[in-house]
Amino acid sequence: RAIQVIMVVAIAANLANGGQNGVALPALAHAHWGAGGYGILLACTAAGAVIGTLAAARSGRLRNPAMTASLAFIIAAGAVSGVPYLGGEAGAAALLLLIGVCNGLGNVLFYTMAQRSIPSAILGRVLSMLMLCSAGTFPLSVAVAGVLVRHLGPAPFFPIAGAFLVVAV
């Protein structure tokens, strides 16, 4: 049962993330900050992911890593909602750094927890299904995001994606 719930959450969360990263963020950057600004935003996300990954490596033995990972993902969802609204490029960059930290931390904690709790006889199959749930949603995510961004603009997509992520987690 837990694996089924995790897969549904992975599908829902990646439906929001793919469209945000693959459509809405590039459209927002193109409209306001250009290619250089977009590069800065991507660099901030990547730097945050490295910081979050390193923080997860230093987290030691948490009592409840699932709760910590979930909290990190919820904080990331809140940050996603504010990307186009918080102080222009500098605010977007700061929020994307935070999103990267939260996603890096949450992903490492989650996958470590999964690898420790799933029986080794089925570990490869379960993690393969999780990766399919994550990567397999990308085409649908960017298609839906493309339609929404075209009709609503890029800014409204971010709070929609953030709300979707909170509900998923």
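The values are calculated or read from the model by the stated rules, or taken from the named source; none is laboratory data. From a predicted model like this one, the values you see are computed outputs, not experimental measurements. For neighbour counting, all protein chains shown are included, and Cβ atoms are generated from backbone atoms with ideal geometry for every residue, glycine included. Surface accessibility is based on the protein's heavy atoms, side chains included, excluding ligands, DNA and RNA. Shrake-Rupley method; radii C 1.70, N 1.55, O 1.52, S 1.80 Å.
Summary of computed values
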{"item": "Accessible surface of the range 21-95 [probe 1.4 Å, protein heavy atoms]: carbon and sulfur percent", "result": "67 percent"}
{"item": "Cα gyration tensor shape for the range 127-169, rounded if a/c is under 1.5, else prolate or oblate", "result": "oblate"}
{"item": "Semi-axis lengths, Å, the chain, gyration tensor of Cα atoms, sqrt of 5 times eigenvalues", "result": "28, 19, 12"}
{"item": "In sequence order, calculated HN-Hα J values of the range 101-113 (Karplus, 6.51, -1.76, 1.60; Hz; x Gly/Pro)", "result": "4, 5, 5, x, 4, x, 5, 5, 4, 5, 5, 5, 4"}
{"item": "Of Phe138, Trp33, Tyr85, farthest towards positive along the dipole that unit charges on Lys, Arg, Asp, Glu beta carbons give the chain", "result": "Phe138"}
{"item": "Accessible area per residue in Å² at 1.4 Å probe, computed on the chain", "result": "53 Å²"}
{"item": "Rg/Rg_globular for the range 18-70, with Rg_globular taken as 2.2 N^0.38 Å and Rg from C-alpha atoms", "result": "1.55"}
{"item": "Residue-by-residue Karplus 3J(HN,Hα) for the range 26-42, coefficients 6.51, -1.76, 1.60, Hz, glycine and proline x", "result": "x, 5, 5, 5, 4, 6, 10, 10, x, 5, x, x, 5, x, 5, 5, 5"}
{"item": "Per-bin percent of Cα-Cα distances, the range 55-129 [5 Å]", "result": "3, 16, 21, 17, 16, 12, 8, 5, 2, 1"}
{"item": "For the range 50-66, 3J(HN,Hα) per residue [Karplus equation, 6.51 cos²θ - 1.76 cosθ + 1.60, θ = phi - 60°, Hz, x = Gly/Pro]", "result": "5, 4, x, 5, 5, 5, 5, 5, 9, 6, x, 9, 6, 5, 9, x, 5"}
{"item": "Choice from Ala31, Ala155, Ala77 with maximal GNM fluctuation in the chain (Cα, 10 Å cutoff)", "result": "Ala31"}
